[in-house]
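Here's the structure we're looking at; comments come further down.
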Amino acid sequence: MLTLDSKLPAVGTTIFSVMSALAAEHGALNLSQGFPDYAVDPKLIGLVEHYLGAGNNQYAPMTGVAVLRERIQAKFQWVHGLTIDAEQEITVTTGGTQAIFTTIAALIRPGDEVISFEPAYDCYAPAVTLFGGKMIPVRLTAPEFAIDWDYVKSLITPRTRLIIVNNPNNPACRVFSMADIAALAEVVQDSNVFVLSDEVYEHLVFDDIQPQTLLKHPLLRERTFVVGSFGKHVTCNWLEGRLLCGCTGTHG
């Protein structure tokens, strides 16, 4: 009999699938995944038909369609006052999870260590393990879910390759302050550590809080991969899809 051994035997079914199945079984309100319960806007359908008719039905460039990257560039200028190079610093992917996986695949080699803060999105650890890395978890505790940056700094070793942050954090809802960003920069400044900043919830904030992208810090901009998401920008009525943006000249 043909058998297939899993490369990740300790990884179970994602919590999203589990909770969605339970919600369907019991007729419950599903708060674990967002499924649109309304029809597609006819304007969107019309735009898709228009651009398909105009010949936009070919393979996209590997980094994403130029005009889309230019719109992302304009968004960073408008929201953060940052000038991002659409050609060199923005890559469009087919999902935020793919962007995270691709970043980890590009950086992590067997024996590398990756610091991450828990609770965390459950795609981080399997990707790190798949490429031979070792997760170094930092548990955040209620009610503040604050990060002890001195403790994080103590975890840095010659094997540390990457720090993964989720800002704003899901599910803890903590938003980095400028002090947090400065502290993170201090942690990595004398090392060869990269940062993966999962910023897909940047616009889902309240109480007049303004999330700050890590790219606003000059040192972090030189070593940070920022993952953003069209799918989470519900307040802007953006199309479903996700993107990877923010990696700078030294690492493409």
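Read-outs: derived from the displayed coordinates by stated rules, not from any lab. Predicted, not measured: the structure shown is a model, and the values here were computed from it. Backbone-built Cβ (ideal geometry, glycine too); neighbour counts: all protein chains shown.
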Between residue 155 and residue 37, what's the calculated FRET efficiency when r is the beta-carbon distance and R0 is 41 Å? Round to 0.05. 0.40
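Could you rank the peptides 179-191, 15-27 by their average count of other C-beta atoms within 10 Å per residue, with the highest value first?
On the way: 179-191: 16.4, 15-27: 11.5.
The most tightly packed comes first, giving 179-191, 15-27.
Between residue 48 and residue 134, 0.36 nm times their residue separation minus their Cα-Cα distance comes to what? All intermediate terms of the calculation are to be shown ahead of the outcome.
On the way: separation 86, 0.36 × 86 = 30.96 nm, distance 4.35 nm.
Going from the current span to full extension adds 26.6 nm.
Which of the peptides 218-224, 160-166 is most tightly packed, and how do the rest follow, judged by the mean count of other Cβ atoms within 10 Å per residue? All intermediate terms of the calculation are to be shown ahead of the outcome.
Details: 218-224: 18.3, 160-166: 23.0.
Those peptides, ordered most packed to least, come out 160-166, 218-224.
Sorted by average packing, counted as other Cβ atoms within 10 angstrom per residue and highest first, what order do 62-73, 77-88, 107-118 take? Could you put the intermediate results ahead of the total?
On the way: 62-73: 15.3, 77-88: 13.1, 107-118: 17.2.
Answer by packing, highest mean first, reads 107-118, 62-73, 77-88.
Ignoring everything except DSSP H segments at least 4 long, calculate the 222 nm mean residue ellipticity for the chain; use -39,500 (n - 2.57) per segment, divide by total residues, nearest 500. Intermediate values should be presented prior to the final figure.
Numbers: 8 runs with 79 residues, N = 252.
So the helix-based figure for the chain works out to -9000 deg cm²/dmol.
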List the lysines whose Cα lies under 27 Å from the Cα of residue 216, skipping any in the same chain that are fewer than 8 positions away. 75, 153, 232
Rel. contact order, % - alpha carbon contacts under 8 angstrom, at least six apart, the chain: 18
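Indicate, rounded to the nearest 5 percent, the antiparallel portion of the DSSP beta bridges found entirely in the stretch 64-251.
Numbers: 8 of 27 bridges.
The antiparallel fraction comes to roughly 30 percent.
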Compare the Cα positions of 193, 173, 3 along the charge dipole of the chain (+1 at Cβ of Lys, Arg; -1 at Cβ of Asp, Glu; about the Cα centre) and return the one farthest towards the positive end. 3
